[in-house]
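These notes are about the structure you will find just below.
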């Protein structure tokens, strides 16, 4: 009797304890900060912020105008991204356009370039003299750049579309690749014209991917901070993200949290709606055919022109911004990008006659410590996130039934709906002050690690799931039959089999942290300098060259890490070679 | 020397927590020479400063006191206040010296709750007015005043009355930093409201008729702010952007705007032609103190005091290396023994309104909300 | 000894296994056979301890290892069982020897001991030459041997097999059946073997449990199943070829009399004969196929949705489309009610 109860206790509690601890993990990391900002705005002295923000005299500028701008950004960027990304995906996957592989590769690159890099590059080219400081290259050439092209909505839209279209491309191309050429040929035999095939066969099959691409880019655009901050604020164009940042920076936290909550709700609403549209339909993606497309759309005379269009899009969104960034980190004046190049902004010592005595970035101890801090953060978060993601994915895969697992599942994907800047605000709210016996984490490295881990949890869980699927249930169960404990199975079976996939996932996490601005812009303190925030601050203080130089550093690290990740992902495990 | 170091070490080691206040008082009374060995012991001093010129102070300080590492962070006053409050609620002792403008907020939000402590180096006590010693030590007076491009306007300021900034002549050509991002500029806006009577008189002087107030607008000062924003006021995020916009030489029709008089010092280096408009009705802006304080839980209390002592300059006419970055036209030393900069308008001829921190603090949030509603 | 008492397992509202009770002695070779979805794999997973029953008990020897009423089960590793997965589940990043060695390592055996045991089982399964290879470098049959070697290495008292031969080609399957039985005897363990192939069940088992819809239809030695099927399902599921079941309503009137109208009559294939002309006790079917079986001929005819199979010494040469007349014996071998129950 004793043994049975004991056995029962051990076994039941083993799983339950595991579930409970994972739930506690995602609860503390994800749910608690979000709950905290909601509770903070409901405090007696803060609750007035709700009416101030939504209905009061200030609501127009606090909420409604930024909300309208945010929605315009979201909708236009989503449409633009789906059009451009879809067009390129169609060209690459379904037609006989030349240089398909190259276009396909280049179309995935813009997402690797941080959006603030693209925004800075835009400024270097298109700035006009409206807000003073240096004017851009084009005005330096004697062209008059109108305000609407220099600042505000139009450049923000262009920069965001240039940044996010590769997301739509990736999703739609993957879906189009599943359109079996048999489907198209069957339609051709039935006598359908090319346009009929496109709208009658190809688009319906790709529709879920189009909707997914649209809602992902929408969510990205509404929560993007860098582009509207750099290009919109000078003409007083506020989005909810910049408004939130401004309010927190001046200490109006209650109003800021209200904006943060509303931003989360909007972002979540649209993602949910997109999801509902997709899941309401049957998934066509399962109808897969043989790999390899026997027959491609013959573009005929349009082949050349369409290729030029695609190549231009790719060049303008990848090579051109990078070249501009490098040039403008070398040129003393962005109106003469190609003249008087100097390495001062990179390695020069402090010189009172240049940029108020700012030393070059590699001579600036603050930036050097920022570099090591950023690398350390990237590496640490890559590890913590991967471990946490694997743990969550494992529990979901193995013990996925019941309300506990449901809660874990929902919570671990919640950050997808939460814009980075709102997440940052929530983290300050929760960890800014001591909690019981735990010291406050404000301004400490662990806070950045926690926030980064939570923020990238959905991504890590996804990686973990893929990895666990790779290591089929039987492999783990057969290890379980031997009596190996969970950690031991993880170490001896799961991790070795999954290591490359995990390493690739970890590298992507590393890159995401390296180039992230929106999450860390509020968590930044002088004691925890991070490159992206330093670049943003240099840019907003008018030291464009330094900002661009730092951005180039981020870019180089990101690209190296991404290429490494791709290599790891494509290179198969040696024991799988046949 | 070594014996003394042992002595100091023993002394420091013996200090218990409740003795802090006593220790502060003891440190407050020490001369720089007495502070130095303790500061050396502490090794570093962390400064939050609202000006990029702190970098030059850092170099000079480390030259003057080798072995003490000054870690200086250039942060706007607004940001400093947010951070210091956050750090305090987080129980983190990070900063030693706070060098900050935004006096109205500093007095109410930092000094009031005891997040920063006053400190006046004993040697400068006789050289300062009382208002420059209480409630916090004022190192210098800084400005946010109307500046124009003297190359484009060689005959003096193109604006002689602030209300002219609300006329079509200057539509889209008045520039300043967003008052919601920089407290100095919010103080400037607040001063317009506090000086509503003077603004009303200036309106009559300019247009020959009394100001008509919009609905919900209480006085001429607020009306000025409303009209200024309505005239496509350009807001940027840093004073350097303002300076460059106004000051860059070779412009046909440069904008005008509010910035620091002292930025005129960079005219040569940056290729600017900034000049102050000192013939404006009713005033050209505000003049306000830049204050120095010791953080309440400064991890390096002796070095903090030594740094403040250094920032107050030496006994030479120009204040020496510690004050050198601030001995420029447009900054006014509080020390009575530092002579006025030869290129600057003497302080007694300068028409800017000196701010009243207490009165400003009272209505600052309201004015901030007004500005917010106009954006 | 393995004893199942009223064992049941439901997933939500779906009952995968219901009220299964049976017992086999130590050293038995128990085969669980049935069509896909009959609950046999779930039963095996409960025996392995990978699933907890929702009712009933599992007893190994004197120990209760799972108790559905109390909702507990002893951990797989501590119930002295080994399991061969249908997919073999060889760890692809370990060599053949590594796959066999690792469970021993987990069990805490010393290195020399492990080495000796690994060599021993690899030799037993005649794969000692492959020790250094990775699973993807060896054939399917060799992988199967590795999986078995890995299972028996820790000397479990009970061997569990989950359709282990289903991925092999026909010839290899026959070989491996023999091999498995040899291993079974060599270890002296009790084996439980799950398959949907009744031939495997009939050839290997000491005891067979025929499962259908989560229930045991019949639990007997192989010969008993063929000689004395308890249900219509068992009658048509076991035997090579399985027995014929003809509804009484479709029988020639002469044979149908005295039989309950809604019942079905069972006729063994070897009791039937085939002719080209109709007779009083014959049924007309369309000739479908004929194949030689061990010196005799197996003839199948179809009509509507029914099939009839006869095994005869010799038969007229039919072409597809011809009508074959199957002559039935005067008495059916058994009679089943409409619900499948045996009447006589």
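Summarising the label geometry, the points placed 7 Å from Cα in the beta-carbon direction at residue B:214 and residue B:160 lie 2.9 nm from one another. Rounded to the nearest 500, the helix-only mean residue ellipticity at 222 nm of chain C stands at -7500 deg cm²/dmol, with each DSSP H run of n ≥ 4 adding -39,500 (n - 2.57). Shielding value for B:235-246 is 6, the average number of Cβ atoms from other chains within 10 Å of each residue's Cβ.
Dividing the C-alpha radius of gyration of chain C by 2.2 N^0.38 Å, with N its residue count, gives 1.17.
Between the helical axis of B:2-14 and the longest alpha-carbon principal axis of chain B there is an angle of about 70 degrees.
The angle separating the long axis of helix C:96-106 from the principal Cα axis of greatest extent in chain C is about 70 degrees. Peptide packing: for C:300-308, B:231-239, the average count of neighbouring Cβ atoms within 10 Å per residue gives the ranking B:231-239, C:300-308, highest mean first.
Rounded to the nearest angstrom and listed largest first, the equivalent-ellipsoid semi-axes of region A:410-519 from its Cα gyration tensor are 32, 17, 12. Efficiency by 1/(1 + (r/R0)^6): what FRET value for residue A:340 and residue A:462, r their Cβ-Cβ distance, R0 = 51 Å, to the nearest 0.05? After rounding to 0.05, the efficiency reads 0.60.
Projection of the Cα convex hull of region B:313-375, averaged over all directions and equal to a quarter of that hull's surface, yields 6.5 nm². Taking other Cβ atoms within 10 Å as a rough exposure proxy, C:62, C:171, B:85 sort from fewest to most as C:62, C:171, B:85. When peptides C:313-319, A:560-566, C:291-297 are sorted by average Cβ neighbour count within 10 Å, with the highest value leading, the order is A:560-566, C:313-319, C:291-297. Ellipsoid semi-axes for the protein assembly as shown, based on the Cα gyration tensor and the rule √(5λ), read 81, 36, 27 Å when sorted largest first. The alpha carbons of chain A occupy a box of 88, 73, 51 Å along the principal axes, longest dimension given first. Relative contact order of chain B: 26 percent, from C-alpha pairs under 8 Å at least 6 residues apart in sequence. Which FRET efficiency value, to the nearest 0.05, do you get for residue C:128 and residue A:372 by plugging their Cβ-Cβ distance into 1/(1 + (r/R0)^6) with R0 = 45 Å? That gives a FRET efficiency of 0.25. Net length available on complete extension from residue A:556 to residue A:486 is 21.3 nm, with 0.36 nm assigned per residue and the Cα-Cα distance removed.
An ellipsoid equivalent to chain B, defined through the eigenvalues of its Cα gyration tensor, has semi-axes of 41, 22, 17 Å when rounded to whole angstrom and sorted largest first.
Against the longest principal axis of chain C, how steep is helix C:111-124, in degrees 0 to 90 to the nearest 10, with axes from Cα atoms? The angle comes out near 20 degrees.
Projected onto planes of every orientation and averaged, the convex hull of the alpha-carbon atoms in region A:47-328 covers 17.7 nm². Taking every DSSP helix (H) stretch of at least 4 residues in chain A, weighting each as -39,500 (n - 2.57) and dividing the sum by the residue count yields a mean residue ellipticity at 222 nm of -21500 deg cm²/dmol. Inter-chain Cβ neighbour count for C:66-72, averaged per residue, equals 3 (cutoff 10 Å, partner chain atoms only). Anisotropy class assigned to region B:98-176 is prolate, per the alpha carbon gyration tensor with a/c at or over the 1.5 cut-off and a/b larger than b/c. Taking 7 Å steps out from each Cα toward its Cβ at residue C:26 and residue C:307 produces label points 4.3 nm apart. Over all directions, the projected convex hull of the C-alpha atoms in region C:4-58 averages 3.8 nm² in area. Shape analysis of region A:15-144 places it in the oblate category; the axes a ≥ b ≥ c from the Cα gyration tensor give an a/c of at least 1.5, with a/b not above b/c. Extents of region B:265-318, taken as max minus min of Cα coordinates on every principal axis and listed largest first, are 45, 29, 24 Å. Could you tell me whether region B:124-263 comes out rounded, prolate or oblate from its Cα gyration tensor? Rule is a ≥ b ≥ c as square roots of the eigenvalues, rounded for a/c under 1.5, then prolate if a/b exceeds b/c, otherwise oblate. Oblate. Over region A:29-99, the hull volume per residue, using the convex hull of the C-alpha atoms, is 131 Å³.
If the chain linking residue A:196 and residue A:149 were pulled fully straight, counting 0.36 nm for each residue of separation and taking away their Cα-Cα distance, it would gain 13.1 nm. Each of residue A:566 and residue C:172 was given a label point 7 Å from its Cα along the Cα-to-Cβ line. The distance between the two points is 3.9 nm.
What FRET efficiency comes out for residue C:333 versus residue C:70 if R0 is 56 angstrom and r is the Cβ-Cβ distance? Round to the nearest 0.05. With a Förster radius of 56 Å, E is 0.80.
Mean partner shielding of peptide B:82-90, defined as the number of other chain Cβ atoms within 10 Å of each residue Cβ, is 6.
Rule-based calculations on the coordinates, nothing more; no lab input. All values reported here derive from a predicted model rather than from experimental measurement. FYI the Cβ positions are ideal-geometry reconstructions off the backbone, even for glycines, and counts take in every protein chain you see.
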